[in-house]
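Below is one structure; the comments refer to it alone.
The values are calculated or read from the model by the stated rules, or taken from the named source; none is laboratory data. These numbers were taken from a predicted model, which means no experiment stands behind them. Neighbour counts run over all protein chains shown; Cβ positions are idealised from the backbone, glycine included. Protein only, heavy atoms only, side chains kept; ligands, DNA and RNA dropped before computing areas. Shrake-Rupley method; radii C 1.70, N 1.55, O 1.52, S 1.80 Å.
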Amino acid sequence: ALLSTGVNVNLKDYSSAALGFTDVAEGAWYVPFIKGAKLLGIFSGDGGKNTARPTENVSRAEVLKFVFESLKVSKNYQLGFCSSSFTDVFPTNWYFQYACAAKTYSLFTSGTVLSPNTPATRSEVASVLYKLHTAGLL
């Protein structure tokens, strides 16, 4: 919700029509946010599964994707070339470029590892947003 609001999306325009996700309840409070994020290219759900997992935790890697894709939409931010990331992130991972940007901006204080599949805590998300704000991106 915070990211969709942060990119100035009129969510009222995105509250109807099928999303194509089998686990999204019609009329649920989160539908406008999921639809807005999907239409903007910020969110695509689980590849090939037609699921969004709206009631589950979000991993650190997923948070990074949401944040940097939101910046792409709102500020025309482009992920730069990166050759080095966390020791537990590899160039073949779908989130490699997001992790590289996270390392560049020191978004996680976990040292040399990201633990990309670990659920992100609220405090981590707040810290990520604050650090991007102080870097002039938000």
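Would you work out the Kirkwood radius for the range 64-110? I mean one over the mean of 1/r across all pairs of different Cα atoms, in Å.
Values: mean 1/r = 0.0913 Å⁻¹.
In the range 64-110 this quantity evaluates to 11.0 Å.
Using modelled amide H (1.01 Å from N, peptide plane; none on Pro or chain starts), what sits under 5 Å from the amide H of Ser59, excluding residues fewer than 5 places away?
Under 5 Å from the amide H of Ser59 lie the amide H atoms of Ala120, each far enough along the sequence or on another chain.
Scan around Tyr77 for amide H atoms under 5 Å from its own, H built in the peptide plane at 1.01 Å from N, and keep only partners 5 or more places away or cross-chain.
So Tyr77 has HN proximity to Lys72.
Once label points are set 7 Å from the Cα along Cα→Cβ at both Tyr30 and Thr118, what is their separation, rounded to one decimal in nm?
Here the modelled spin labels are 2.2 nm apart.
For Asp23, what charge total do you get from the other residues with a beta carbon under 15 Å from its beta carbon, if Lys and Arg give +1 and Asp and Glu give -1?
Its environment carries a net charge of +1.
Any aspartates and glutamates with Cα under 13 Å of the Lys103 Cα? List them, leaving off those in the same chain fewer than 8 positions away.
Counting by Cα, and skipping residues close in sequence, Lys103 has these aspartates and glutamates nearby: Asp88.
Can you work out the Karplus-derived ³J(HN,Hα) for every residue in the range 130-136? Use 6.51 cos²θ - 1.76 cosθ + 1.60 with θ = phi - 60°, whole Hz, and x for glycine or proline.
With coefficients 6.51, -1.76 and 1.60, one gets 5, 5, 5, 5, 5, 7, x Hz.
In square angstrom, what is the accessible area per residue of the chain with a 1.4 angstrom probe?
Details: 7950 Å² over 138 residues.
Accessible area per residue, the chain: 58 Å².
Determine ³J(HN,Hα), in whole Hz, for all residues of the range 65-80 in sequence, where each value follows from phi through the Karplus function 6.51 cos²θ - 1.76 cosθ + 1.60 and θ = phi - 60°; x replaces Gly and Pro.
Ordered by residue, 3J(HN,Hα) equals 4, 4, 5, 6, 5, 5, 5, 4, 6, 7, 10, 6, 5, 10, 5, x Hz.
Tell me, what ³J(HN,Hα) does each residue in the range 25-39 have, in order and in whole Hz, if you take phi through Karplus 6.51 cos²θ - 1.76 cosθ + 1.60 with θ = phi - 60° and put x for Gly and Pro?
My calculation for the range 25-39 gives 7, 4, x, 5, 4, 8, 4, x, 6, 5, 5, x, 5, 5, 5 Hz in order.
Could you work out the helix-only [θ] at 222 nm for the chain, with each DSSP H run of four or more residues adding -39,500 (n - 2.57) and the total divided by the number of residues, to the nearest 500 deg cm²/dmol?
Numbers: 5 runs with 53 residues, N = 138.
It comes out at -11500 deg cm²/dmol, rounded to the nearest 500.
Considering the chain as a Gaussian network with a 10 Å cut-off on Cα pairs, which listed residue, Thr92, Thr121, Thr104, attains the greatest mean-square fluctuation?
Top of the fluctuation ranking is Thr92.
How long are the three semi-axes of the equivalent ellipsoid for the range 74-138, computed from the Cα gyration tensor as the root of 5 times each eigenvalue, in whole Å, largest first? The partial results should precede the final answer.
Working: eigenvalues 68, 51, 20 Å².
Semi-axes, largest first: 18, 16, 10 Å.
Taking the Cβ of Ala102 as the center, what net charge do the other residues with Cβ under 10 Å away carry, scoring Lys and Arg +1 and Asp and Glu -1? Intermediate results must be reported in sequence, preceding the final value.
Values: positive: Arg60, Lys103, Lys131; negative: none.
Local net charge: +3.
Convex hull over the Cα atoms of the chain, averaged projected area in nm²?
On the way: hull surface 33.2 nm².
The orientation-averaged projected area of the Cα hull of the chain comes to 8.3 nm².
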